[in-house]
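Visitor: Input: one structure, supplied below.
Since every read-out is calculated from the coordinates, none of them should be taken as a lab result. As the structure is a prediction and not an experimental result, all values here were calculated from the model. Every residue, glycine as well, gets a Cβ built from its backbone with ideal geometry; the counts of neighbours run over all protein chains shown.
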Amino acid sequence: MTATAPARLPRWRALSGETRWAYVFLLPWLIGLLVFQLGPMIASLALSFTDYDLIGAPRFTGLDNYTAMAQDPKVVRAVGNTLLYTVTHVPLSIALALALALLLNRVTGRSAGVFRTIFYLPSMTPHVAVGVLFLFLLNGQAGVVNRILGLFGVEGPQWTTDPDWMLAGIVLMSLWNLGSTTIILFAALRNVPRELSEAAMIDGAGPWQRFRSVTVPMISAALFFVVIINTITSLQMFDQVYTMFFGTQSAREAYGDAALFYVVYLFQQAFQFLHMGYASALAWLLFLVIALITAVQVKVGNRLVHYETEEHGR
């Protein structure tokens, strides 16, 4: 007699009870991922090859939307403004956040928690409120920023009306939201082994040498993370800029394209002009650009970032 193979249980019944419950609790997230993220992404990719205005049925146009982007001067201006803002904001914000984190690292006792809370509170302010706030702070005639500059004999520019200074004003406004980056870098500084700095001090290294040779390598993973996150956030800048410069028709006509960011132009095409197909193509171009920049950053970062596990594995 030949032995019969045992009947195989269905895959679901073969799972342990804990694994089944894990899938049950993950199910709402998986449904949300499919319905609210992957589904709309696939739909927008399909719409990017159509002419669609939310009224009639989508009409397939092939690569016309992508061809039109290459010939649209506003796309070029929006991309230029966004990239210039990104390359200015990211290094400046990380440098200031690192300086604040170094100051926090020197504070001890109960006051340390108070200062951490104070530095993080601006991150909780709604972006629309920040845009309105800085519209007053950067006012060329009565703004607080120009009043402070006037105390030092410096005549402040027209931050919100002069096209040559609008981008600088937006960068200045964006420095308000340094709390998250500061806390991440502060946590990384707290994990730097003190004995490494003490050993470098015994070898005669000065403060700058210890910072460059000990502190920066040990927090390079955190720096790498905040560079990627801040770059992605900067390329998607929208809320504050739209609140300050594009909230009304008169404002749009007065400011023109000086403060036109890529996502602002995408929003205009989608919800003001109802060019949903063109807006979908713009969105996918942004997605590809962000993916490419992130891939380059990861490739470069893997060569520069110091991971503690590398030493433990040696």
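Visitor: How do MET244, MET276, MET41 rank when sorted from fewest to most other Cβ atoms within 10 Å of their own Cβ?
Guide: MET41, MET276, MET244
Visitor: Given R₀ = 25 Å, what would the calculated FRET efficiency be for TRP29 paired with TYR120, taking r from the Cβ atoms and rounding to 0.05?
Guide: The calculated FRET efficiency here is 0.40.
Visitor: Can you tell me the dipole magnitude for region 65-313 around its Cα centre, using point charges on the Cβ only (Lys, Arg +1; Asp, Glu -1), in Debye to the nearest 20?
Guide: 340 debye
Visitor: Report, in deg cm²/dmol and to the nearest 500, the calculated mean residue ellipticity at 222 nm for the chain, where each DSSP H run with n ≥ 4 adds -39500 (n - 2.57) and the sum is divided by the residue count.
Guide: Mean residue ellipticity at 222 nm (helix-derived): -20500 deg cm²/dmol.
Visitor: Let me ask something additional. Would you mind computing, in nm to one decimal, how far apart the modelled labels at ALA129 and ASP51 are, each placed 7 Å from Cα along Cα→Cβ?
Guide: Going from the ALA129 label point to the ASP51 one covers 4.5 nm.
Visitor: Can you tell me the equivalent ellipsoid semi-axes for region 201-304? Use √(5λ) from the Cα gyration tensor, largest first, whole Å.
Guide: 41, 18, 8
Visitor: Add +1 for every Lys or Arg and -1 for every Asp or Glu among the other residues with Cβ under 15 Å from the Cβ of PHE211, and state the total.
Guide: Its environment carries a net charge of +2.
Visitor: Still on this structure, please answer the following. Would you mind checking which residues have amide H under 5 Å from ASP51's amide H? H placed 1.01 Å from N; only 5 or more apart, or other chain.
Guide: Counting only residues 5 or more places away or on other chains, the set is ARG59, PHE60, THR61.
Visitor: Listing TRP159, TRP208, TRP21 from the residue with the fewest other Cβ atoms within 10 Å to the one with the most, what is the order?
Guide: TRP208, TRP21, TRP159
Visitor: For the charge dipole of the chain, defined by +1 on Lys and Arg C-beta atoms and -1 on Asp and Glu C-beta atoms about the Cα centroid, which residue among HIS275, THR117, ILE55 has the Cα displaced farthest towards the positive pole?
Guide: Result: THR117, furthest along the dipole toward the positive end.
Visitor: Considering the dipole of region 65-313 built from charges on the beta carbon (Lys and Arg +1, Asp and Glu -1) around the Cα centre, which of LEU304, PHE136, GLY179 is farthest to its positive end?
Guide: It is GLY179.
Visitor: Then there's this: Counting other beta carbons within 10 Å of each residue's own, what order do THR160, THR108 fall into, fewest first?
Guide: Ranking THR160, THR108 by Cβ neighbours within 10 Å, fewest first, gives THR108, THR160.
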